[in-house]
Amino acid sequence: MEKYISLKDLEEAALAILPKNARDYYKSGATDEYTLAENRRAFQRLRICPKCLVGLTSCNLSTTILGEKVSMPLGISPTAMQRMAHPEGETANARAAQANGVIYTLSTIATSSIEEVAKAAPNAIKWFQLYIYNDREVTRTLLTRAEKAGFKAIALTVDTPLFGLRRADIRNKFTLPKHLKLANFDGQLATKINSTEDSSGLSNVDNLLDKSLTWNEIKWLKSITKLPIVAKGILRSDDAVRAIEAGCDGILVSNHGARQLDGVPSTIEVLPEIVEAVKNYNVEVYLDGGVTTGTDIYKALALGAKMVFVGRPAIWGLAVGGEAGVDRMLNILRQELQNTVQIAGTPTIADITKDMVRHESTYSR
Ligand code: FNR
């Protein structure tokens with residue numbers, strides 16, 4: 001794995017290996033993919049302002065997230081159907097997270113079940129991503145299973161009343177390869193969801209999502225689980241406040257990897273206003289979307305994120321080398337972040353304050 005020096009190397013290698021159907025599914029964003037590009041470009045518009053001669057003696061990246069100690073402020077976002085990337089899919093990804101002391105989030109739409117992932121990585125800090133279904137019993141069962149299997153939090157995806165339009169998937173008539181299944185659904189529901197007769201890809205799952213959902217449903221979720229709930233997919237400060245007032249314990253600023261609605265802001269752009277809006281509440285704010293370097297992580301931390309997640313980079317690692325590939329991805333980011341915090345003169349996470357980053361426009365006045 002040593003030949004891969006950057007996440008870009010892993011991405012290029014993965015794209016060269018993956019079959020077209022899976023490659024397009026993983027890499028696509030919604031419609032024109034403007035926001036997909038913006039998620040990256042917005043990081044590039046920020047500058048780090050290093051401090052000199054701070055008397056560097058040590059460097060510590062560890063922090064706590066919802067009370068759990070993690071080795072660095074980086075976690076893995078939920079991405080669906082990881083066995084298309086590697087035969088061990090989600091289980092390999094979770095094992096790499098376990099070995100690295102970082103959070104792994106399992107997608108509901110996974111090709112490995114909650115129980116398989118728990119067995120493969122019993123000591124990983126695992127979160128479960130949830131959609132709320134029309135059939136509340138399906139939701140309740142998933143929650144109960146995740147809780148029983150030792151998952152530590154629920155990432156409730158709030159940006160998906162229905163799935164975004166991804167043109168490549170429409171062109172490819174994307175479906176899950178026949179040898180794989182959506183492993184978290186059982187009984188009659190499984191037959192319905194895993195039916196391959198429907199060539200419109202995930203429309204079987206899409207039809208099950210409750211489009212009438214409001215923030216009132218958080219109260220119901222809280223009544224059936226003790227796990228903290230993180231609202232995943234927040235892009236507005238008023239929604240962040242609504243989520244917290246409805247009972248959510250964390251905010252994940254996310255545009256779903258630019259896969260839902262094209263033309264929405266990049267996540268790093270909206271992070272400061274969301275952090276500001278919730279500063280008087282006792283909640284953690286996280287971010288995902290377009291993070292591919294240690295300096296990206298650093299910029300998000302400076303602008304107030306407690307932790308940053310990556311989605312696609314873990315898939316590229318998986319495709320290239322299974323657990324070893326994800327391990328390589330995490331190690332590259334760890335090394336880059338370590339290097340950044342030291343050269344920037346802020347060797348602990350607490351040192352990374354807002355003044356460490358400026359927008360490029362500050363310099364062009
Ligand atoms: C996703 N994402 C996602 N989110 C979610 O809540 N449930 C899911 O099942 C999925 N599935 C999924 C599949 C694929 C292929 C991608 C790329 C993304 C969104 C994901 O959790 C995360 O928000 C983004 O991936 C973050 O952006 P980057 O790191 O991929 O740029």
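Some observations on this one:
- Rounded to the nearest whole Hz, the Karplus-based 3J(HN,Hα) values (6.51 cos²θ - 1.76 cosθ + 1.60, θ = phi - 60°) of segment 94-100 follow the sequence 5, 5, 5, 5, 4, 5, 9, with x at glycine and proline.
- Candidate lysines for bridging to Lys226, where Cα separation is under 16 Å - those fewer than 8 sequence places away on the same chain excluded: Lys126, Lys148, Lys152
- Near Asp351, once Lys and Arg are set to +1 and Asp and Glu to -1 for all other residues with Cβ below 15 Å from its Cβ, the sum equals +3.
- Gaussian network model of the chain, springs between alpha carbon atoms under 10 Å - residue of Ile114, Ile224, Ile193 with greatest fluctuation: Ile224
- ³J(HN,Hα), Karplus 6.51/-1.76/1.60, whole Hz, each residue of segment 262-273, x for Gly, Pro: 6, x, 6, x, 5, 6, 5, 5, 8, 3, x, 5
- Under a 5 Å amide H cut-off, with hydrogens placed 1.01 Å from N, Asn184 pairs with Ala110 among residues at least 5 apart or on other chains.
- Computed over the chain, Cα set: Rg, Dmax in Å: 19.5, 65
- Hits among lysines - C-alpha to C-alpha of Lys354 under 24 Å, sequence gap 8 or more where chains match: Lys51, Lys69, Lys232, Lys279, Lys299, Lys306
- Dipole of the chain, positive end: most advanced residue of Gly325, Thr340, Thr57 [Cβ charges, Cα centre]: Thr57
- Amide hydrogen neighbours beyond the local backbone of Gly75, cut-off 5 Å, H modeled: Val308, Phe309, Val310
- Computed helical MRE - 222 nm, the chain, DSSP H runs ≥ 4 contributing -39500 (n - 2.57), nearest 500: -12000 deg cm²/dmol
- The packing ranking of peptides 275-287, 74-86, 255-267, highest mean first, is 74-86, 255-267, 275-287, where packing means the average number of other beta carbon atoms within 10 angstrom of each residue.
- Whole-angstrom gap from segment 102-139 to segment 45-88, using each part's C-alpha centre: 21
- Here the accessible area of segment 1-124 is 52 percent carbon and sulfur, with a 1.4 angstrom probe and all protein chains present.
- Partners for Lys219 among aspartates and glutamates (Cα-Cα distance below 14 Å; same-chain residues under 8 apart left out): Glu245, Asp249
- Heavy atoms of the protein chains alone define the surface here; on that basis segment 62-191 has 38 Å² accessible area per residue at 1.4 Å probe size.
- Heavy atoms of Cys59 accessible to a 1.4 Å probe, total area in Å² rounded to 10: 40
The values are calculated or read from the model by the stated rules, or taken from the named source; none is laboratory data. This structure is a prediction, so every number in the text was calculated from the model and none was measured. Glycine gets a Cβ as well: all are built from the backbone with ideal geometry, and neighbour counts include every protein chain shown. Accessible surface is based on the protein model in full, side chains and every heavy atom, while ligands, DNA and RNA are left aside. Shrake-Rupley method; radii C 1.70, N 1.55, O 1.52, S 1.80 Å.
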